[in-house]
Amino acid sequence: MSKPVRIAFLGGLGEIGRNCMAVEQDKKILLIDCGLMFPKAEHGDDIDVIIPDFTWLLERKDRIVGCVATHGHEDHVGALQYLLQDASFPLYGSALTLGLARNRIAEARLTDKTKFIEVNDNDRIKIGPFDVEFIPVTHSVPCAHAIALHTAQGVIVHSGDFKIDLTPVDHRRTDLARLGSLSSNEGIRLLMLDSTNAGERGHAPSESEVGAVLRGIFNEHRGKRIITASFASHIHRVQQIADAAIDSGRVVVPLGRSMINNIRLARDLKVLTIPEKSLVSADSLGKYDDHEICIISTGSQGEAMSALTNLAKGDSRYVKVGESDVVIFSSHAIPGNEHNVNKVIDALLRRGATVVHSGIADVHATGHAQAEDLKTYLNVTEPQWFVPIHGEYRHMVANAELAKIMGVAPRNVLLCEDGDLIEITDGGIDFSGRIPAEFVVPQKSQRAGKKSKDKQTKKHKKR
Ligand SMILES: [Zn+2]
Ligand SMILES: [Zn+2]
């Protein structure tokens, strides 16, 4: 009899966001991701973030040997600054993942509660009793990883967020060869697979296709100023925008705090290439004509406090938007944000700007594998057991169906939700209990990073 392995799902199963799970072996716990979720309208206006319920975890906090971060998106690392207020453990990830995670942890003045331990592609390291392998994957943030845990109960693969992009901007592809070798040598006991786009048929388009579309738009509007909006962590998108800008004789002007910070971080880590002479700060904009300027802004989701929303409202001290502007939303509105994005688009149009968005041109590509990509992944990994993760319930059901189509025995496909506890033994995998998993809203004082004595958090019923 080999030792059992347990997995607790703290978030991300039944919603997009707050991804967090705990793997337990030999009474030690390894966390995989610790993310936050941005609320939807139904959660109320006064809420700006939702985090996992850490009750179960904090009762066992002395057993936590570390947290492995698959990538630097906030729905994967954004809740660390809350958990680290009450616990202390090292954080493992790529240099970029750690750099993105560090920002928020530093803002909360909690860097002394963790150690940032950098890993490289295909590293295999021991964390407590866990034997952890970092497998490169392509996603909408560079330097992302899938995680393979070599446990007493066989190999457990956590896909992380990924896409299968054969022509990614940095040529760093999802390492299907390594996954295949794990499958054919050790065998994959359990696969936990990203469900975000399981309900989308076909293949996800390559990120590099977006670059070609952007160049076309830049060519079409040679005489005008161009303003783009995208996620600040989407470094490959920023790279393609910058390349199109420089090729059409423009300088690149980052706008918005996270865009400025992330461009600096990514250039330092050499995952973004923009020559010094082409990078100009917003207060030097006056030195250039409109057709020599490309602004790269935050605010692609219509966020109230963002740089682009400021421009649309006419509140920016650097830029007055007008008829000589072309605004490109190189993004896709996350469900729940459509209304805010549309409000910003309306305001820009009222000012006379031309607006291009993903409904008009292919200025965005998803970062998540679609149905045929997931089938490819399942074909390569051939898991014995399957748990769909990361998605609303319908996404996870769609992913479960794909696993069955690809030959996983139907009884070996487990549809889990937040709060479920599963146990892996020689005999198989089964549900073994429930843990608290309500939506938790941190108090404002906690968000500001101050350690308040009365740290009551509000809890909301999930359903
Ligand atoms: Zn995610
Ligand atoms: Zn992601």
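Which condition from (1) modelled with pLDDT under 95; (2) under 20 Å from the mean Cα position of the chain (by Cα); (3) of a type outside the set (Ser, Thr, Tyr) is the one that residue 32 breaks?
Evaluating residue 32 over (1) modelled with pLDDT under 95; (2) under 20 Å from the mean Cα position of the chain (by Cα); (3) of a type outside the set (Ser, Thr, Tyr) leaves (1) as the failure.
Which residues, counting only those in region 190-212, are surrounded by fewer than 20 Cβ atoms within 10 Å (Cβ to Cβ), away from ligand 1 (no atom under 16 Å from the Cβ) and touching a residue at least 60 places away in the same chain (Cβ under 8 Å)?
Matches in region 190-212: 201, 202, 203, 205, 206, 209.
Residues to consider are 68, 77; find the one that is in contact with a Phe, Trp or Tyr (Cβ under 7 Å, 6 or more places away or on another chain) and in the same structural domain as residue 428 (by TED's automatic domain parsing).
Working: 77 fails: in contact with a Phe, Trp or Tyr (Cβ under 7 Å, 6 or more places away or on another chain).
Sole residue among the options that is in contact with a Phe, Trp or Tyr (Cβ under 7 Å, 6 or more places away or on another chain) and in the same structural domain as residue 428 (by TED's automatic domain parsing): 68.
With the condition kept exactly as written, say whether any residue in region 386-395 is among the acidic types (Asp, Glu), more than 16 Å from ligand 1 (Cβ to nearest atom), outside any loop (DSSP other than H, G, I, E, B) and surrounded by fewer than 17 Cβ atoms within 10 Å (Cβ to Cβ).
Looking only at region 386-395, we keep the residues that are among the acidic types (Asp, Glu), and these are 392.
With the extra rule that they be more than 16 Å from ligand 1 (Cβ to nearest atom), the set shrinks to none.
Scanning region 386-395 turns up no residue that is among the acidic types (Asp, Glu), more than 16 Å from ligand 1 (Cβ to nearest atom), outside any loop (DSSP other than H, G, I, E, B) and surrounded by fewer than 17 Cβ atoms within 10 Å (Cβ to Cβ).
For region 435-457, state whether one or more residues are in a helix (DSSP H, G or I), at pLDDT 95 or above and touching a helix residue (DSSP H, G or I) at 6+ places or on another chain (Cβ under 9 Å). Can you show your working first?
Going residue by residue through region 435-457, those that are in a helix (DSSP H, G or I) are 444-447.
Checking the rest, the ones that are also at pLDDT 95 or above come to none.
No, every residue in region 435-457 fails to be in a helix (DSSP H, G or I), at pLDDT 95 or above and touching a helix residue (DSSP H, G or I) at 6+ places or on another chain (Cβ under 9 Å).
Identify the residue in region 1-25 that is within 16 Å of ligand 1 (Cβ to nearest atom) and part of a strand (DSSP E or B) and, among all such residues, is modelled with the lowest pLDDT.
15
Within the group 366, 376, which residue is in a helix (DSSP H, G or I) and at pLDDT 95 or above? Show your work before the answer.
Numbers: 366 fails: in a helix (DSSP H, G or I).
Just one listed residue meets the conditions, 376.
May I ask you to say which residue of 94, 140 is closer than 14 Å to residue 68 by Cβ and among the hydroxyl-bearing types (Ser, Thr, Tyr)?
Within the list 94, 140, the selection yields 94.
Residues checked against (1) within 16 Å of ligand 2 (Cβ to nearest atom); (2) in contact with a Ser or Thr (Cβ under 7 Å, 6 or more places away or on another chain); (3) among the hydrophobic types (A, V, I, L, M, F, W, C); (4) not in a strand (DSSP E or B):
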residue	(1), (2), (3), (4)
204	yes, yes, yes, yes
216	no, no, no, yes
223	no, no, no, yes
245	no, no, yes, yes
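Strands (runs of 3 or more DSSP E) wholly in region 103-199 with at least 1 residues that are within 15 Å of ligand 2 (Cβ to nearest atom) - which ones?
130-137, 144-151, 154-158, 188-194
Which number in (1) within 29 Å of residue 135 (Cβ to Cβ); (2) without any contact (Cβ under 8 Å) to a residue 40 or more places away in the chain; (3) in a helix (DSSP H, G or I) marks the one condition that residue 82 misses?
Of the numbered conditions (1) within 29 Å of residue 135 (Cβ to Cβ); (2) without any contact (Cβ under 8 Å) to a residue 40 or more places away in the chain; (3) in a helix (DSSP H, G or I), the odd one out for residue 82 is (2).
Look through region 57-73, keep the residues that are in a loop (DSSP other than H, G, I, E, B) and surrounded by fewer than 16 Cβ atoms within 10 Å (Cβ to Cβ), and return whichever of them is farthest from ligand 2 (Cβ to nearest atom).
Of everything passing the filter in region 57-73, 59 is farthest from ligand 2 (Cβ to nearest atom).
Residues 77, 141, 119: which one is within 16 Å of ligand 1 (Cβ to nearest atom), over 26 Å from residue 421 (Cα atoms) and either at pLDDT 95 or above or surrounded by fewer than 18 Cβ atoms within 10 Å (Cβ to Cβ) (or both)?
Values: 77 fails: over 26 Å from residue 421 (Cα atoms); 119 fails: within 16 Å of ligand 1 (Cβ to nearest atom).
141 is the lone residue from the list that is within 16 Å of ligand 1 (Cβ to nearest atom), over 26 Å from residue 421 (Cα atoms) and either at pLDDT 95 or above or surrounded by fewer than 18 Cβ atoms within 10 Å (Cβ to Cβ) (or both).
The values are calculated or read from the model by the stated rules, or taken from the named source; none is laboratory data. None of these values were measured; they are calculated from a predicted model. Heads up, the Cβs are rebuilt from the backbone with ideal geometry, glycines too, and the neighbour counts pull from every protein chain shown.
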